[in-house]
Amino acid sequence: MKLHHGERRRKLRLVVQGILLAGLVGFLPANSLAVPDGRKASQDSAQSPKDNPPQGAAAAGHSAVNNDVYTVGPADVLKIDVWQEPEVSSIVAVRPDGKISLPLIGDINASGYTPNQLQDVLAAKLHAFIANPEVSVTVQEVKSRKFNVLGEVQHPGSYSLAQPVRILDAIGMAGGFRDFAKVSKIYVLRRSSDGGNLRLPFNYKQVIQGNDTDQNVELEPGDTVVVP
């Protein structure tokens with residue numbers, strides 16, 4: 001059967017397109033032919049380690065504290081919000097003398113107060129300038145209270161003492177033991193009131209078996225946990 005001239009041209013064009021497409025497929029990576037899934041792409045993007053660092057890294061500079069218990073000290077970083085008063089609100093570091101500086105009220109002592117107590121002190125000071133000031137104080141970074149973990153642990157270093165921490169907690173925060181750690185000979189070095197050093201023994205094997213659990217003491221600022 002003879003084909004009409006226009007029909008022959010249409011079929012020839014389809015054959016040529018098929019050949020070109022086949023050649024292109026041969027050069028493309030297999031996964032480039034997949035139809036994109038919008039939901040999967042968004043999930044992959046959301047889970048990218050570049051855009052979302054591990055929680056520990058993201059939270060390294062921030063420490064949640066109990067505003068009723070935690071005592072502010074030198075070097076701590078405070079976020080002070082005064083409702084509807086952005087000019088007075090600020091982020092400040094506590095100076096070595098224990099004081100902070102704020103607009104309107106100048107220098108004021110912050111060391112020794114809990115965040116909730118400091119809120120009340122600041123509100124009272126600001127009352128002379130602002131009607132019924134509403135003040136919020138948040139500890140953004142704990143720098144005045146730290147302890148150290150040294151020796152045969154995965155991540156030796158200095159750690160924030162924003163919340164109560166015992167020796168077992170400290171070991172966990174440091175990533176646990178290395179292969180050759182002498183877990184029965186751990187000790188805590190603590191500065192005594194007379195300026196000397198106390199050595200508090202900690203036998204990990206005994207404690208995890210439920211024996212001599214009093215060894216698992218609560219750490220104090222400046223303590224150093226040593227894992228030989």
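The values are calculated or read from the model by the stated rules, or taken from the named source; none is laboratory data. Just so it is clear, the model here is predicted, and its values are computed rather than measured. With ideal geometry, Cβ positions are generated from the backbone for all residues, glycine too; neighbour counts draw on all protein chains shown.
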What's the total number of residues in segment 129-169 that are in contact (Cβ under 8 Å) with a residue 12 or more places away in the chain, over 19 Å from Ala93 (Cα atoms) and part of a loop (DSSP other than H, G, I, E, B)?
11
Selection from segment 160-170 of residues that are at pLDDT 95 or above, in contact with a strand residue (DSSP E or B) (Cβ under 6 Å, 6 or more places away or on another chain) and surrounded by fewer than 20 Cβ atoms within 10 Å (Cβ to Cβ):
Arg166
Within segment 205-228, the residues that are free of Cβ contacts under 8 Å to residues at least 60 places away in the same chain and among the β-branched types (Val, Ile, Thr) are Val207, Ile208, Thr213, Val217
Please indicate, with yes or no, whether at least one residue in segment 175-186 is hydroxyl-bearing (Ser, Thr, Tyr) and either in a strand (DSSP E or B) or under 27 Å from the mean Cα position of the chain (by Cα) (or both).
no
Where in segment 81-121 are the strands (runs of 3 or more DSSP E), entirely inside, with at least 1 residues that are within 21 Å of Asn132 (Cα to Cα), touching a Gly at 6+ places or on another chain (Cβ under 9 Å) and not aromatic (Phe, Trp, Tyr)?
none
With the condition kept exactly as written, say whether any residue in segment 143-154 is closer than 30 Å to Phe180 by Cβ and exposed (fewer than 15 other Cβ atoms within 10 Å of the Cβ).
yes
Within segment 186-201, can you find the residues that are farther than 14 Å from Arg166 by Cα and surrounded by fewer than 14 Cβ atoms within 10 Å (Cβ to Cβ)?
Ser192, Ser193, Asp194, Gly195, Gly196, Asn197, Leu198, Arg199
Test Gln117 against the stated conditions and say whether it is under 30 Å from Leu78 (Cα atoms) and over 18 Å from the mean Cα position of the chain (by Cα).
yes
Residues of segment 187-218 satisfying the condition of being modelled with pLDDT under 95, part of a loop (DSSP other than H, G, I, E, B) and touching a Leu at 6+ places or on another chain (Cβ under 8 Å)
Ser192
Go through segment 55-79 residue by residue and tally those that are β-branched (Val, Ile, Thr) and either at pLDDT 90 or above or not in a loop (DSSP other than H, G, I, E, B) (or both).
3
How many residues are over 23 Å from Asn216 (Cα atoms) and among the charged types (D, E, K, R) if we restrict to segment 130-177?
3
